[in-house]
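Note sheet for the following structure.
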There are 4 protein chains.
Amino acid sequence: MANLGFIGLGTMGGQMVARLLDKGHTVIGYNRTRKRAEWLIEKGMRWAASPREVAAAAEITFAMVTNSAALRAIAEGPGGVLAGIGAGKVFVDISTVAPKVSRELAERIREKGADMLDAPVSGSVITLQQGKLSVMVGGRAQTFARAKPVLEDIGPKVTHVGDNGVALAMKIALNLQLAVQMMAFSEGMLLAEKSGIKREIAVDVMVHSAIASPMVQYRGPFVLQQPDEAWFDVNMMQKDMLLAMELGRQLNVPLPTTTVSNEFLTAARGMGMEKKDFACVFDVLAKMSGLEP
Amino acid sequence: MANLGFIGLGTMGGQMVARLLDKGHTVIGYNRTRKRAEWLIEKGMRWAASPREVAAAAEITFAMVTNSAALRAIAEGPGGVLAGIGAGKVFVDISTVAPKVSRELAERIREKGADMLDAPVSGSVITLQQGKLSVMVGGRAQTFARAKPVLEDIGPKVTHVGDNGVALAMKIALNLQLAVQMMAFSEGMLLAEKSGIKREIAVDVMVHSAIASPMVQYRGPFVLQQPDEAWFDVNMMQKDMLLAMELGRQLNVPLPTTTVSNEFLTAARGMGMEKKDFACVFDVLAKMSGLEP
Amino acid sequence: MANLGFIGLGTMGGQMVARLLDKGHTVIGYNRTRKRAEWLIEKGMRWAASPREVAAAAEITFAMVTNSAALRAIAEGPGGVLAGIGAGKVFVDISTVAPKVSRELAERIREKGADMLDAPVSGSVITLQQGKLSVMVGGRAQTFARAKPVLEDIGPKVTHVGDNGVALAMKIALNLQLAVQMMAFSEGMLLAEKSGIKREIAVDVMVHSAIASPMVQYRGPFVLQQPDEAWFDVNMMQKDMLLAMELGRQLNVPLPTTTVSNEFLTAARGMGMEKKDFACVFDVLAKMSGLEP
Amino acid sequence: MANLGFIGLGTMGGQMVARLLDKGHTVIGYNRTRKRAEWLIEKGMRWAASPREVAAAAEITFAMVTNSAALRAIAEGPGGVLAGIGAGKVFVDISTVAPKVSRELAERIREKGADMLDAPVSGSVITLQQGKLSVMVGGRAQTFARAKPVLEDIGPKVTHVGDNGVALAMKIALNLQLAVQMMAFSEGMLLAEKSGIKREIAVDVMVHSAIASPMVQYRGPFVLQQPDEAWFDVNMMQKDMLLAMELGRQLNVPLPTTTVSNEFLTAARGMGMEKKDFACVFDVLAKMSGLEP
């Protein structure tokens, strides 16, 4: 069992720590607000006063934060990971940030004699709890080999996709498809409904068809009943779309359905739905069709 | 066991007849060229000289043809279904045609004292053989009740979605998503590849992710190796896209990702790939990215 | 001066006849409802009881009707142009129909020993009255030479663009740009307005800029004040867009901005604006931005 | 006559200085490389060793640089504009940068007791030489009043569009339309050409039609013959598109035709045309249509 650290104990990060504790690992953790960490401390997690303390104490330190700015905030400064990490240690970033940002941090980590992996996950808290999470890993092969057993305790499917930063590219390449599939699903649903098919029946047929990805199976029913709380809200989805579009421009990859779908996320915000799950692009399209959704 | 008829014995139609014979039904069949029917005649199917003869002999007559023109060709004229069908019989059209065309034929069938259902299927020959085909049915509830047991012998999932024509609308609403999902998959694949991820690895991650619909699982590997024979070629896919766009205009449903994806099917034709599986939109996009696919 | 015929005396057709009479030509005319023709009869136009009578009497017969169905209605049957036209005469169709429909009619006209030109115009009634109309002509060079002097009395810019049907293709190729330019203008206007620029000022800057086509100069001010009567309503614009998309598919030309713009015409209909000038795509986009237009 | 300064003496900036000298103003100028300024020094411009020196000497200092980074480079540091500018002076930035960047600099300029205007222009060097340039100005009304007479010596049409930064928003709102109009023009041109119309004839009809903006009139002929040197290359156009898309997301304005057009600029880069004028989106689309352009 490994001596682990974890920075960022929000919904996803917290569940990961709980899972690692259950598997028998020791975990030292830090979060901006201690309150969200209480239940983990009760489960046996050690509390640290700063990211620096986590990185200094643990063999492998994980981080799960919101965006590039948050990653910099935990990495830099006197209380940051860079100040605490030392030779032979590993920093594994699970956050979704731009590949370039991740690569730059990896270089600075290496200057300390440590190494870094980017290890974004595909799936939600529910996927994690079902033990079906998929982890993509970017970085050196031997560092990957060290972290792999622990990552397998988070999600069973762990794939080394290439050098530093490329796991993030992979994650972004997946996530753009969530938004496009939801748009296409909405177009199909509205065609079905306006042709005279009950919405429940159309959803039922679709979630059992050739287009029924897990995304469609999870979010399809949202057009019948919006969830009380967004799983992945418009702004979060658009953050990933912007990373995709930035990457597309750097690498000269045209992204026609991605960018068109992104405009409907913008419209969702324009129409006052930014706090809703991104499945609300259905509502944007419904209103354009003259339906009150 | 029922006394059935089947018109149109191509790859899909032929496999359906084989399946119905295996289940113990008697089948009388017709095809434009008798040669493609020989193997079914050997399996016990009775041969008919015309669609009219099929419709006159069978209690329930199925048809599986290419498009609206082909449907009219088997329905009309002295040798057509309308000339043979009589009171109490049922005509079940499995073809994908415009909902309006289907509804018009249904009215003419009813004038003969018979009734009609539209029963398009979602899935390929492989799905059929795996016993996983999904059948959507449009038409009157009591006619549906009569045909249902036989339809369940074709595909296990049989859903009555509404009145005549609406099953076709449902099918079209599904199929547009095939093309859009393939486009989004291509955009993601190219981002991954140009970020430095091996194509095989990117496909592997994607077919195990939240966007992995059966469509993605079947066609994802096509970007590694195009199939010798198209499962569903560019022109066939575009035929369904045009039906979707026609319906969208009739019903005032904007279809932004559908129409954008359709332009890439047009480009596939422009670039000489009309005989390829529609998965070749990946190649269109790859060329635009400067990759030789 | 020539001995002319004119079928279809709506707003545009009527003004053309008035113009031809003013130039000294004799004109025999027909319209579905005689009432709309009264003012022209007062101006000296001879009234005919049918398209056949017009075609039989005139040396060159013009037609200006709504669509392919209307063109067939005046061409076929016992009272139609085909029944009246004879050797050496010319039929000039100014309507916007599919190039294929026009070519088919041209062949039937030729079987009568006559010849046909397609001569769609670019511009509105106002352009016509200002003497700035542009006429594109498709057909044989020597037939064009005969009709040219008369066409120059309609609009000063008369261009022979190629064989039968291609003038229609040219017209369609122009008109798709009207819709796309209006969409792009709307996107720019909303960016300007939401950045804090008064709508009047933004319109003023735009109509004096590098993007100020006559279309932008005419329709730009519509975002300040919708006209009481549509110049070219959503359905008329969409009819031309569909002709463009049909042609694009026949000729393998991808039309990405055309099709995306067309979806916003569909949305305009969905949102109850089908009777408005197509400039109302601005209102669709404004609502998606959260503005009450 | 005014005592002016000018920083950034590239093609456009240099021509503006020449124009201001011709009008009788005194100008002190600075450029990163002195060589490009020699001809202006010969015409009477005083040379300065730094942006600071320009700002200290002139009553009104203009700047015309490439992007936000270049603007910061001339503004900050010991040799920068901020170090030289003093109470009562005016800084007029003609560059195209993000509105936010401009507003931030304006605040820092005001802390020095001076004031700033953003004054981007619409048009090219040729428009400037023809005396038809359009200048949009953002900033305080009384500062605008001071700079206006000089701005009128640059371009005759000078419009105060609002507060600091909004002239840039106006410029961006205009420029996105250049790219979309070029795309729509390309779609139309290819439809015309593949319908059998000679390219020269189609261009001639289009530049005399309702869609003939100055952009179409300038760039339409580029599809016949690419210019030796790009007027505005793919990367420059895409820089403005990205500013538009950034603004669209901040202000919740969906930009469907803008983003779709932008993907074709990305494709132009992917296909090796980044140094060409952005009119080369025609070539991208031509290749997708199977034409060798």
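The values are calculated or read from the model by the stated rules, or taken from the named source; none is laboratory data. Since we're looking at a predicted model, the values are computed, not measured. Every residue, glycine as well, gets a Cβ built from its backbone with ideal geometry; the counts of neighbours run over all protein chains shown.
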(1) under 20 Å from C:GLN226 (Cα atoms); (2) touching a Lys or Arg at 6+ places or on another chain (Cβ under 6 Å) all hold for C:GLY165 apart from (1)
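Give B:THR159, B:THR257 a once-over and let me know the one that is of a type in the set (Ser, Thr, Tyr), at the interface with chain A (Cβ under 7 Å from one of its Cβ atoms), under 30 Å from B:ARG140 (Cβ atoms) and not in a loop (DSSP other than H, G, I, E, B).
On the way: B:THR257 fails: under 30 Å from B:ARG140 (Cβ atoms).
Sole residue among the options that is of a type in the set (Ser, Thr, Tyr), at the interface with chain A (Cβ under 7 Å from one of its Cβ atoms), under 30 Å from B:ARG140 (Cβ atoms) and not in a loop (DSSP other than H, G, I, E, B): B:THR159.
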The correct count of residues that are closer than 25 Å to A:GLY14 by Cβ and either within 14 Å of the chain's Cα centre (by Cα) or assigned to a loop (DSSP other than H, G, I, E, B) (or both) in region A:115-148 is 20
Filter pass, A:ILE85 being in contact with a helix residue (DSSP H, G or I) (Cβ under 7 Å, 6 or more places away or on another chain), in contact (Cβ under 8 Å) with a residue 24 or more places away in the chain and β-branched (Val, Ile, Thr): yes
Scan region D:153-199 for residues that are touching a Pro at 6+ places or on another chain (Cβ under 8 Å) and more than 23 Å from D:ASP115 (Cβ to Cβ) and jot them down. D:MET183, D:GLU187, D:SER195
Inter-residue pairs, beta-carbon under 8 Å, first at positive phi and in region B:153-176, second outside any helix (DSSP H, G or I) and of a type in the set (A, V, I, L, M, F, W, C), 6+ apart: B:GLY162/A:ILE197
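Please go through region B:74-93 and give me each residue that is in a loop (DSSP other than H, G, I, E, B) and either acidic (Asp, Glu) or buried (at least 24 other Cβ atoms within 10 Å of the Cβ) (or both), ordered by number. Steps first, answer last, please.
Of all residues in region B:74-93, those in a loop (DSSP other than H, G, I, E, B) come to B:76-80, B:85-89.
Matches in region B:74-93: B:GLU76, B:ILE85.
Quick check on my filter: what residues within region C:32-41 are in contact with a helix residue (DSSP H, G or I) (Cβ under 9 Å, 6 or more places away or on another chain) and surrounded by fewer than 21 Cβ atoms within 10 Å (Cβ to Cβ)?
Within region C:32-41, the first condition is being in contact with a helix residue (DSSP H, G or I) (Cβ under 9 Å, 6 or more places away or on another chain), and the residues that meet it are C:32, C:34, C:36-37, C:39-41.
Passing the criteria: C:ARG32, C:ARG34, C:ARG36, C:TRP39, C:ILE41.
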Can you find a residue in region A:102-114 that is surrounded by fewer than 24 Cβ atoms within 10 Å (Cβ to Cβ), of a type in the set (Ser, Thr, Tyr) and farther than 11 Å from A:ILE7 by Cα? no
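Please enumerate the residues belonging to region A:260-293 that are part of a loop (DSSP other than H, G, I, E, B), under 22 Å from the mean Cα position of the chain (by Cα) and of a type in the set (A, V, I, L, M). Let's see the steps before the verdict.
Step one: list which residues in region A:260-293 are part of a loop (DSSP other than H, G, I, E, B), which gives A:271-276, A:289-293.
The next check asks that each one be under 22 Å from the mean Cα position of the chain (by Cα); those that pass are A:273-276.
Hit for region A:260-293 is A:MET273, nothing else.
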Does region A:243-250 contain any residue that is more than 22 Å from B:MET215 (Cβ to Cβ), more than 14 Å from chain D (Cβ to nearest Cβ) and surrounded by fewer than 24 Cβ atoms within 10 Å (Cβ to Cβ)? no
Taking the condition of being more than 12 Å from chain A (Cβ to nearest Cβ) and either in contact with a strand residue (DSSP E or B) (Cβ under 7 Å, 6 or more places away or on another chain) or within 20 Å of B:MET241 (Cα to Cα) (or both), how many residues in region B:118-140 meet it? 3
Determine which single condition A:GLU200 fails, assuming it passes every other condition in (1) modelled with pLDDT of 95 or more; (2) surrounded by 18 or more Cβ atoms within 10 Å (Cβ to Cβ). (2)
For a quick check of your reading of the model, give me the residue pairs whose first member lies in region A:14-36 and is farther than 17 Å from A:ALA57 by Cα, whose second is in a helix (DSSP H, G or I) and among the charged types (D, E, K, R), with beta-carbon atoms closer than 6 Å and at least 6 apart or on different chains. A:LYS23/A:ASP153
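Do we have B:SER209 as free of Cβ contacts under 8 Å to residues at least 40 places away in the same chain, buried (at least 20 other Cβ atoms within 10 Å of the Cβ) and at the interface with another protein chain (Cβ under 7 Å from one of its Cβ atoms) here? Give the steps one after another, and end with the answer.
On the way: free of Cβ contacts under 8 Å to residues at least 40 places away in the same chain: yes; buried (at least 20 other Cβ atoms within 10 Å of the Cβ): yes; at the interface with another protein chain (Cβ under 7 Å from one of its Cβ atoms): yes.
In short, yes.
Identify the residue in region D:162-193 that is among the charged types (D, E, K, R) and assigned to a helix (DSSP H, G or I) and, among all such residues, is nearest to D:LYS132 (Cα to Cα).
Initial filter on region D:162-193 (among the charged types (D, E, K, R)): D:163, D:171, D:187, D:193.
Restricting the remaining residues to those that are assigned to a helix (DSSP H, G or I) gives D:171, D:187, D:193.
Details: D:LYS171: 16, D:GLU187: 29, D:GLU193: 33 Å.
In this case the residue turns out to be D:LYS171.
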Only one of (1) of a type in the set (A, V, I, L, M); (2) surrounded by fewer than 24 Cβ atoms within 10 Å (Cβ to Cβ); (3) closer than 27 Å to B:LEU190 by Cα fails for A:VAL166. Which number is that? (2)
Output the residue which, of all residues in region C:42-73 that are over 21 Å from the mean Cα position of the chain (by Cα) and of a type outside the set (A, V, I, L, M, F, W, C), is surrounded by the most Cβ atoms within 10 Å (Cβ to Cβ). C:ARG52
Within region B:279-293, work out how many residues are modelled with pLDDT of 95 or more, farther than 23 Å from B:GLN177 by Cα and aliphatic (A, V, I, L, M). 0
When region A:23-57 is examined, which residues are found to be part of a strand (DSSP E or B) and among the small types (Gly, Ala, Ser)? A:GLY29
So which residues in region B:58-73 are over 22 Å from B:THR26 (Cα atoms), in a loop (DSSP other than H, G, I, E, B) and touching a helix residue (DSSP H, G or I) at 6+ places or on another chain (Cβ under 7 Å)? B:ASN67
A:PHE222 vs (1) under 22 Å from the mean Cα position of the chain (by Cα); (2) at the interface with chain D (Cβ under 10 Å from one of its Cβ atoms); (3) not β-branched (Val, Ile, Thr): all pass except (2)
Looking at (1) part of a helix (DSSP H, G or I); (2) at pLDDT below 95, can you tell me which one D:HIS208 breaks? (1)
How do the pairs read when you match residues in region A:91-102 that are without any contact (Cβ under 8 Å) to a residue 40 or more places away in the chain with residues anywhere that are in a strand (DSSP E or B) and buried (at least 24 other Cβ atoms within 10 Å of the Cβ), using Cβ under 6 Å and keeping only pairs 6 or more apart or on different chains? A:PHE91/A:THR61; A:PHE91/A:MET116; A:ASP93/A:ALA63; A:ASP93/A:ASP118
For region D:192-206, enumerate the residues that are more than 7 Å from every other protein chain (Cβ to nearest Cβ) and in contact with an Asp or Glu (Cβ under 7 Å, 6 or more places away or on another chain). D:ARG199
Of a type in the set (Gly, Ala, Ser), facing chain B (nearest Cβ under 7 Å), more than 18 Å from B:MET215 (Cα to Cα) and surrounded by 24 or more Cβ atoms within 10 Å (Cβ to Cβ) - does that describe any residue in region A:180-191? no
With the condition kept exactly as written, say whether any residue in region C:229-236 is away from chain D (no Cβ under 14 Å), closer than 23 Å to C:ASN262 by Cβ, touching a helix residue (DSSP H, G or I) at 6+ places or on another chain (Cβ under 7 Å) and outside any helix (DSSP H, G or I). yes
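May I ask you to list the residues in region D:270-288 that are at the interface with another protein chain (Cβ under 8 Å from one of its Cβ atoms) and surrounded by 24 or more Cβ atoms within 10 Å (Cβ to Cβ)? Spell out how you get there, then give the answer.
First pass over region D:270-288, keeping only residues at the interface with another protein chain (Cβ under 8 Å from one of its Cβ atoms): D:270-272, D:284-285, D:287-288.
Residues satisfying the conditions are D:GLY270, D:VAL284, D:LEU285, D:MET288.
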